[in-house]
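Q: Would you mind keeping the following structure in view while I ask a few things?
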Amino acid sequence: MAKKIIIIGGEGKGGPIAATIEDNRHTFGDFTYEVAGFLNDLEIGNTIHNFPVLGGTGEVARFAEQGYLFVYAIHMLGNNYKTEELFRQVNVPQELLVNIVSKRAFVAHNAQLGPGACVLVNGYVGAGAQIGACTLITSHAFVGHDTVVGPLSHLAVCCVVGSRIEIGKVADVGINATVLEKRKIGDYAVVGAASLVTKDIPEGQIWAGSPARYFRDVKKD
Ligand SMILES: CC(C)(COP(=O)(O)OP(=O)(O)OC[C@H]1O[C@@H](n2cnc3c(N)ncnc32)[C@H](O)[C@@H]1OP(=O)(O)O)[C@@H](O)C(=O)NCCC(=O)NCCS
């Protein structure tokens with residue numbers, strides 16, 4: 001029987017995860033998981049992509065007792081400190097977090113995915129790469145070999161993260177951005193959309209452009 005998954009988040013990041021589970025089921029006949037619904041404080045009682053919003057983010061314990069499993073999908077780009085604070089408050093037991101990996105994605109045999117890490121359609125995770133807990137590798141995002149991405153980070157669609165890169169925790173790489181090999185991106189840092197990262201990016205800073213340059217700090221309030 002399929003395990004029932006609750007997605008914590010909204011249509012932006014949670015929607016593509018729900019669609020990936022549906023695609024795995026209906027296109028590939030993989031019935032490991034089914035989407036029971038969402039937890040979202042702003043949409044209680046509504047639906048997200050036809051799935052019910054079952055409650056708020058404070059209700060994880062109640063649903064955990066009922067046997068549900070979870071995917072954490074709240075990544076607020078530019079509000080990275082807040083993203084981590086909310087994650088701590090929601091407090092999903094690590095053993096109840098599942099990996100959603102699209103049947104259309106590539107994850108190398110010796111790559112590692114932490115609890116709750118997801119790889120969506122046409123995502124690529126190269127040999128020896130390590131993806132942290134609850135990190136989201138979205139559609140067409142590329143992670144080169146031996147790159148390490150910390151927990152709760154987010155690699156947006158079509159970004160290219162080369163090999164032997166170190167990305168910290170709760171960091172974002174924007175849409176269509178490119179990070180050259182062996183660079184370091186600090187905790188809570190953001191790479192702007194379509195940027196080319198040629199230098200290391202310190203913790204808590206947003207860099208953008210080609211080549212990417214310091215843009216501003218990530219909000220702390
Ligand atoms: C870098 C970023 C965080 C800045 O956001 P912001 O502070 O709201 O900045 P604004 O949109 O007000 O833009 C301010 C200026 O920076 C420029 N700018 C914004 N983003 C830029 C980028 N990625 N590259 C180059 N310049 C950029 C704007 O053109 C604008 O220039 P101007 O003042 O000359 O008009 C944002 O633009 C970005 O790239 N976000 C990533 C989006 C993304 O990938 N989302 C993933 C969703 S899954």
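Q: Looking only at the stretch 201-221, which residues are of a type in the set (D, E, K, R) and in contact with a Gly (Cβ under 8 Å, 6 or more places away or on another chain)? Working first, answer last.
A: Going through the stretch 201-221, the residues of a type in the set (D, E, K, R) turn out to be 203, 213, 216-217, 219-221.
Answer for the stretch 201-221, where residues must be of a type in the set (D, E, K, R) and in contact with a Gly (Cβ under 8 Å, 6 or more places away or on another chain): 203, 217, 219, 220.
Q: Now, a different point. When only residues in the stretch 71-127 that are under 15 Å from the mean Cα position of the chain (by Cα), part of a loop (DSSP other than H, G, I, E, B) and polar (S, T, N, Q) count, which is farthest from the ligand (Cβ to nearest atom)?
A: 99
Q: For the stretch 99-155, enumerate the residues that are in contact with a helix residue (DSSP H, G or I) (Cβ under 8 Å, 6 or more places away or on another chain) and among the charged types (D, E, K, R).
A: The answer is 103, 104.
Q: Something else now. All but one of (1) surrounded by 18 or more Cβ atoms within 10 Å (Cβ to Cβ); (2) of a type in the set (A, V, I, L, M); (3) farther than 21 Å from residue 126 by Cα hold for residue 185; state the number of the condition that does not hold.
A: Tallying (1) surrounded by 18 or more Cβ atoms within 10 Å (Cβ to Cβ); (2) of a type in the set (A, V, I, L, M); (3) farther than 21 Å from residue 126 by Cα, residue 185 fails exactly one: (3).
Q: Quick check on my filter: what residues within the stretch 31-43 are under 16 Å from residue 90 (Cα atoms) and of a type in the set (A, V, I, L, M, F, W, C)?
A: 38, 39, 42 - these are the residues of the stretch 31-43 that are under 16 Å from residue 90 (Cα atoms) and of a type in the set (A, V, I, L, M, F, W, C).
Q: Sticking with this one: If I ask for residues that are closer than 22 Å to residue 153 by Cα, within 16 Å of the ligand (Cβ to nearest atom) and part of a loop (DSSP other than H, G, I, E, B), which ones from the stretch 10-61 would you list?
A: 10, 11, 12, 13, listed by residue number.
Just so you know, all these numbers are worked out from the coordinates, no wet-lab data involved. Given the structure is predicted, the values throughout are model-derived calculations rather than measurements. So basically every Cβ, Gly included, is an ideal-geometry build from the backbone, and we count neighbours across all protein chains shown.
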